[in-house]
1. So in segment 4-56, with the set limited to residues that are aromatic (F, W, Y) and farther than 20 Å from I314 by Cβ, which one is surrounded by the most Cβ atoms within 10 Å (Cβ to Cβ)?
2. Please enumerate the residues belonging to segment 254-279 that are small (G, A, S) and out of contact with any strand residue (DSSP E or B) (no Cβ under 6 Å at 6 or more places or on another chain).
3. Condition first: free of Cβ contacts under 8 Å to residues at least 60 places away in the same chain, buried (at least 17 other Cβ atoms within 10 Å of the Cβ) and under 30 Å from K28 (Cβ atoms). Can you find one or more residues in segment 57-73 that meet it?
4. Considering every residue within segment 230-242, establish whether at least one is closer than 23 Å to E134 by Cα and not in a loop (DSSP other than H, G, I, E, B).
5. Please verify whether D243 is in contact (Cβ under 8 Å) with a residue 60 or more places away in the chain, in contact with a strand residue (DSSP E or B) (Cβ under 7 Å, 6 or more places away or on another chain), surrounded by 24 or more Cβ atoms within 10 Å (Cβ to Cβ) and of a type outside the set (K, R), treating the condition exactly as stated.
6. So, of the residues in segment 58-67 that are in contact with a Phe, Trp or Tyr (Cβ under 9 Å, 6 or more places away or on another chain) and not hydroxyl-bearing (S, T, Y), which turns out to be farthest from A307 (Cα to Cα)?
7. Restricting segment 409-432 to residues that are crowded, with 19+ Cβ neighbours inside 10 Å and either touching a residue at least 40 places away in the same chain (Cβ under 8 Å) or touching a Cys at 6+ places or on another chain (Cβ under 7 Å) (or both), which is farthest from V328 (Cα to Cα)?
8. Quick check on S322: is it among the small types (G, A, S), assigned to a strand (DSSP E or B) and surrounded by 17 or more Cβ atoms within 10 Å (Cβ to Cβ)?
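The values are calculated or read from the model by the stated rules, or taken from the named source; none is laboratory data. Since we're looking at a predicted model, the values are computed, not measured. Note that we place each Cβ from the backbone using ideal geometry, even for glycine, and neighbour counts take in every protein chain shown.
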Amino acid sequence: MKPKGLDHYKDAGKRAMQWHAENIKKMKQCRFDTIAVHGIYSMQEALDFNQGSIIEPIYMSTSQAYRDSDEMEAALSYQIPTWCYSRIGNPSIYYMEGVLALLESYGAGVDASCIATASGMAAIQSAVDQFLIEDPKRPNAPMNFVATTQVYGGTFQQFAIRKEKERNIEWRRVINSNDISEWESKIDENTRFIYGEMPSNPAQAFFDVKKIVDLAHKYGLPAIFDSTVATPALLRPLEFGADIVVQSVSKSLFTSGFGIAGAVIARKNITTNIDNPEMKADFCAYLKQLPNRDNGPNISPMNAIMALNDIRTIRHRMDVASRSTMTVAEFLKDHKHIEGVDYLGLKEHKLHELAKEYLFLVDAEHDEQYGSPQNRYGHLMSFRIKGGAENTRKVFDAFQRIWRATDLGRIKSVATIPTISTHAQQGEEGRKLAQIPPNLIRLCVGMEHPDDIIADIDQALSTLDGKTISVTSPEYSAAGASSARLV
């Protein structure tokens with residue numbers, strides 16, 4: 001077979017990239033739900049390459065074969081699009097990355113790209129580590145980053161242990177994230193990025209996104225936000241100027257709970273004081289081609305496609321779950337055994353008015369059901385039990401319908417006590433900084449009818465009145481059988 005030559009493959013690659021760019025341009029003109037359903041997988045691609053499959057195929061292959069040495073050379077030198085090795089790229093992963101890039105940039109008027117990772121924690125590491133490198137102009141200068149203390153427990157550990165303790169990179173902690181002056185007081189010439197989580201897990205911390213972005217850019221720093229709890233159905237930080245968004249896709253986006261996944265989504269041409277033009281131009285493409293290629297934190301094709309199928313219904317699920325959570329929060333706020341409820345949707349919450357400016361169900365104004373903008377505050381809430389940690393455990397142990405697990409975003413309602421689970425490792429002092437007391441239960445409301453969730457919470461709270469729950473109920477006999485098998 002006569003070699004076709006490098007130019008042949010480079011020209012073909014240019015045509016393919018142009019076609020995909022045109023397809024994405026057309027998709028960006030669609031509504032949120034259409035993007036979530038179709039993503040970047042087109043009918044033409046299905047017919048030309050995937051035997052007409054209307055659903056994105058799972059490419060369970062480690063690598064791609066090439067027609068000849070010229071095509072391999074062009075591919076491995078990144079001169080043409082390639083799936084050379086699934087640690088770097090794979091069609092199934094590409095489909096997931098494409099839909100998340102479009103959803104997070106929806107309505108923002110910017111181009112964005114995405115890189116999928118094996119977990120939300122891998123996404124956080126991928127997003128921040130690129131900025132924690134030595135400045136050749138200032139060798140041996142100390143590095144720091146500014147981030148809120150109201151973050152997921154794993155994030156706290158990554159920042160406090162993996163970054164600060166092990167690598168001597170200072171985490172400058174912001175206690176009151178809604179105080180812009182506190183953020184600014186932490187920034188100096190050695191600061192590399194600003195990081196926040198909102199709404200935070202589980203304390204429901206919130207801050208003015210636009211003001212924090214403007215502050216970061218004032219000092220030439222990237223603004224990085226974990227938007228896992230809101231999802232792009234309720235909040236898209238890129239719309240307010242953010243540079244990078246982190247998603248623990250394992251949660252609400254991957255609602256079935258069948259797998260673990262994470263994602264980094266970044267606008268093109270991010271702000272940073274790191275002199276790296278390639279990284280600035282397309283942060284996620286840079287990650288894929290270089291750091292994550294070498295470090296290998298990327299997702300598997302199977303998890304990517306399973307997550308993609310759950311993502312298709314994200315707007316409708318977040319709408320229903322948010323309304324159900326509001327109903328549960330309203331029930332709890334006046335209950336005699338409840339010390340307090342943390343849910344941004346409650347008018348009594350100190351940050352309600354600020355959250356009201358940012359958290360909206362996307363496209364509600366174009367929805368026949370609503371026809372106008374609708375605030376939605378998500379499905380994560382927490383509540384504090386009167387009587388301290390002992391009473392909290394009694395109530396928690398009495399749940400019959402709500403699952404006890406360190407999980408959130410499931411289609412089933414799930415609860416945990418953060419001080420003994422998700423935030424246990426950060427210690428008492430760290431939990432105080434994150435505003436997580438021992439009598440707090442975190443609840444993520446699922447897609448059950450809210451009446452049944454309330455009934456379960458109510459019967460669990462009744463244990464504080466001296467009522468007991470029969471251990472011979474169907475729920476408990478099944479659990480007992482499982483435990484017996486484990487023993």
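1. If we take residues in segment 4-56 being aromatic (F, W, Y) and farther than 20 Å from I314 by Cβ, then Y9 is surrounded by the most Cβ atoms within 10 Å (Cβ to Cβ).
2. Those that are small (G, A, S) and out of contact with any strand residue (DSSP E or B) (no Cβ under 6 Å at 6 or more places or on another chain): S256, G257, G259, A261.
3. Yes, segment 57-73 contains a residue that is free of Cβ contacts under 8 Å to residues at least 60 places away in the same chain, buried (at least 17 other Cβ atoms within 10 Å of the Cβ) and under 30 Å from K28 (Cβ atoms).
4. no
5. So D243 fails the test.
6. Ranking the candidates gives R67 first.
7. Here the answer is Q426.
8. No.
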